[in-house]
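Following: one structure in structure tokens, then a few remarks.
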Amino acid sequence: MDTHDPQHLPQDAQSSDARPVLEGPDIARVLTRIAHEIVERAKGADDVVLLGIPTRGVFLAQRLAAKLAEITDRKIPVGSLDITMYRDDLRMHPPRALARTEIPGDGIDGRLVVLVDDVLFSGRTIRAALDALNDIGRPRAVQLAVLVDRGHRELPIRADYVGKNLPTSLRETVKVQLAEEDGRDTVLLGAKRTAQQ
């Protein structure tokens, strides 16, 4: 979750003319594809641990774990990684509630950790996640899976697995909605509202 991203603005700060760019079946399809790509690149996913970045990244990680279990016939460890205290914009925003960090029982040392988030934008959320991960353990490798990559990186960070590359303008918002949090699965693209609208 990248709070530099307008997708996390309050509803009144978002466009009412947003159009869907991914719907439920599309999201299910891209998660299935990403799961197969993880198995292929990890040569079976024997040492894979999925860590979702709250909020929607956690739900995506859980869905990916279920898809990986279908493919590999084995339970894939999944958890969550709260990055709140590692953000570089803490002073610039009002205080926010901490989310939970839940690391699977076998930990992450020597494992292939796949960080999972909904939207990759500036890269600052992922930088914070890497810092948080460093305080928890020492994985063999870290990869990144995102549902949407909207571009506009401010740091040299890229995703290993991308559901949809979505070229955007900085005047646009990307909003991911997932059934677990929002009651439906969709990715919306709209114009950012200005104060005059």
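Helix 56-72 and the longest principal axis of the Cα set of the chain meet at an angle near 40°. Based on Cα contacts under 8 Å between residues 6+ apart, the chain shows a relative contact order of 29 percent. When a 1.4 Å probe is rolled over the protein heavy atoms, the share of accessible surface on the chain that falls to carbon and sulfur comes to 50 percent. Restricting attention to the chain, the count of lysine pairs at 8 or more positions apart or across chains with alpha carbons under 28 Å apart stands at 10.
If r is the Cβ-Cβ distance from residue 66 to residue 165 and R0 is 25 Å, what FRET efficiency results, to the nearest 0.05? Before the final figure, lay out each step's value.
Working: r = 24 Å, r/R0 = 0.97.
For R0 = 25 Å, the calculated efficiency reads 0.55.
Between amide H atoms placed 1.01 Å from N, distances below 5 Å from residue 193 occur with 15, all of them 5 or more places distant or on a separate chain.
Dipole size of the range 14-134 about its Cα centre, with +1 on Lys/Arg Cβ and -1 on Asp/Glu Cβ: approximately 160 debye, rounded to the nearest 20. Shown here for the range 24-96: trypsin sites (Lys or Arg not before Pro) in loop regions (DSSP other than H, G, I, E, B) with at most 16 other Cβ atoms within 10 Å, namely 43, 74, 75, 96.
So how strong a dipole does the range 73-183 carry about its Cα centre when Lys and Arg Cβ are +1 and Asp and Glu Cβ are -1, to the nearest 20 debye? If you can, show how the numbers build up before the last one.
On the way: 17 positive and 18 negative charges, 57 e Å.
I would put it at about 280 debye.
Give me the percent of DSSP beta bridges within the chain that run antiparallel, rounded to the nearest 5. Within the chain, antiparallel bridges account for around 35 percent of the total. Taking Cα extents along the principal axes in Å straight from the coordinates, which label in (i) 60, 49, 25; (ii) 53, 38, 29; (iii) 47, 34, 31 is the correct one? Derived directly from the coordinates: (ii). Note on the chain: dipole from Cβ charges, positive end direction compared against 62, 133, 123; the farthest Cα belongs to 123.
The values are calculated or read from the model by the stated rules, or taken from the named source; none is laboratory data. As the structure is a computational prediction, the values presented were derived from the model and not from experiment. No Cβ is skipped: glycine too gets one built from the backbone with ideal geometry, and neighbour counts run over all protein chains shown. When the accessible area is computed, the model is the full protein with side chains, heavy atoms only, and any ligands, DNA or RNA have been set aside. Shrake-Rupley method; radii C 1.70, N 1.55, O 1.52, S 1.80 Å.
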